[in-house]
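These notes concern the structure reproduced below.
No value in this document is a laboratory result; all are computed from the given coordinates. All values derive from a computational prediction rather than experimental measurement. Cβ placement follows ideal geometry from the backbone for every residue including glycine, while neighbour counts extend to all protein chains displayed.
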Amino acid sequence: MERATDVPETFARSAARDQVNDYDRFAEAYAAENENSLVNAYYERPAMLALAGDVVGRRILDAGCGSGPLSAALRDRGAVVTGIDTSAGMLALARQRLGDAVALHVADLRDPLPFDDGAFDDVVASLVLHYLEDWGPPLAELRRVLRPGGRLIASVDHPFVAYTIREPRPDYFATTSYSFDWTFDGQSVPMRFWRKPLHAMTDAFTAAGFRLGVISEPQPDPAARELFPAGFQDVSTRPNFLFFVVEVPPSTTGSDAQPVPDHE
């Protein structure tokens, strides 16, 4: 599955060019918040798992795995999971959670990935792509490591929310960044996300050779209504994240022709 790469060098390049979004500085605090929060544990992760469907025996790359909660859920459902993240601190927490059952690598989606062509049946990218200004090279690389018929399942900040609520901008159709300070345990960390209009997102998928399968705006887990009475109404009535399932077209010749399973 893997191909030779200098992972430490790749990480050094990534760290040097990014002085923002430094999860190493607050890995434990972020992981603790992510574990049981309304938007992560009762909204985003359940939606990703529902879109993935039956994953028994499927080889899945968790791109931007963080401390590993989605990797763990996929593994528990029978998938063979590999995780990558730019943050060594987050991966250390993932190793504590996952042990040796899941291969973990420090890697950056803006660089070549240390995997062979067609190594995976699925890629999950949970709240990752909105960290990237240019989706072209990362999506091309994710397509490369997927087999014919494979799927990329991705969630991003909803473009309507990104433009109308978070530092509103007059031009919805422009690709722009927005910055903010994220505070955990009294420590403030600068963050930067990129917002794109919906058509730019779908255009990026198709330009990379994917076929659009699903665009989803799911509801949170009903169990969250009692657990988070103050926040449930907001999450269930206003868009927060947007979810995609895009597919690598199946090969029409040879032994690689494998249909994409029909997941509910």
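Summary table below
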quantity	calculated
Spin-label model distance (nm) - Thr175 vs Met191, 7 Å beyond Cα toward Cβ	2.2 nm
Cβ-based net charge around Phe205, under 10 Å, with every Lys or Arg adding one and every Asp or Glu removing one	0
Simple Cβ-charge dipole of the chain, Lys/Arg +1 and Asp/Glu -1, about Cα centre, in debye nearest 20	300 debye
Within the chain, helix-based [θ] at 222 nm, where runs of 4 or more DSSP H residues each add -39,500 (n - 2.57), nearest 500	-9000 deg cm²/dmol
Cut-off 10 Å between beta-carbons: net charge of the residues surrounding Gly89, Lys and Arg +1, Asp and Glu -1	-3
Semi-axis lengths, Å, region 12-247, gyration tensor of Cα atoms, sqrt of 5 times eigenvalues	24, 21, 20
Difference of contour (0.36 nm per residue) and Cα-Cα distance, Leu49 to Thr202	52.9 nm
Rel. contact order, % - alpha carbon contacts under 8 angstrom, at least six apart, the chain	22 percent
Neighbour-count order for Trp194, Trp135, fewest beta carbons within 10 angstrom listed first	Trp194, Trp135
Dimensionless Rg over Rh [region 81-129; C-alpha; Kirkwood]	0.94
Glu133 paired with Arg97, simple spin-label distance in nm, labels 7 Å along Cα-to-beta-carbon	3.1 nm
Only Lys, Arg (+1) and Asp, Glu (-1) charged, at Cβ; region 144-224 dipole about Cα centre in debye	480 debye
Cβ-based charge dipole, region 12-247, positive-most Cα from Ala101, Pro197, Gly66	Pro197
Summed residue charge, Cβ within 13 Å of Ser126's Cβ, Lys/Arg positive, Asp/Glu negative	-4
At R0 = 30 Å, FRET efficiency that the Cβ-Cβ distance of Ala230 and Asn21 yields, to 0.05	0.60
Furthest towards positive pole of dipole, Leu152, Ala174, Leu139, structure part region 133-183, Cβ charges	Leu152
Cα-based Kirkwood hydrodynamic radius, region 185-244, one decimal, Å	14.7 Å
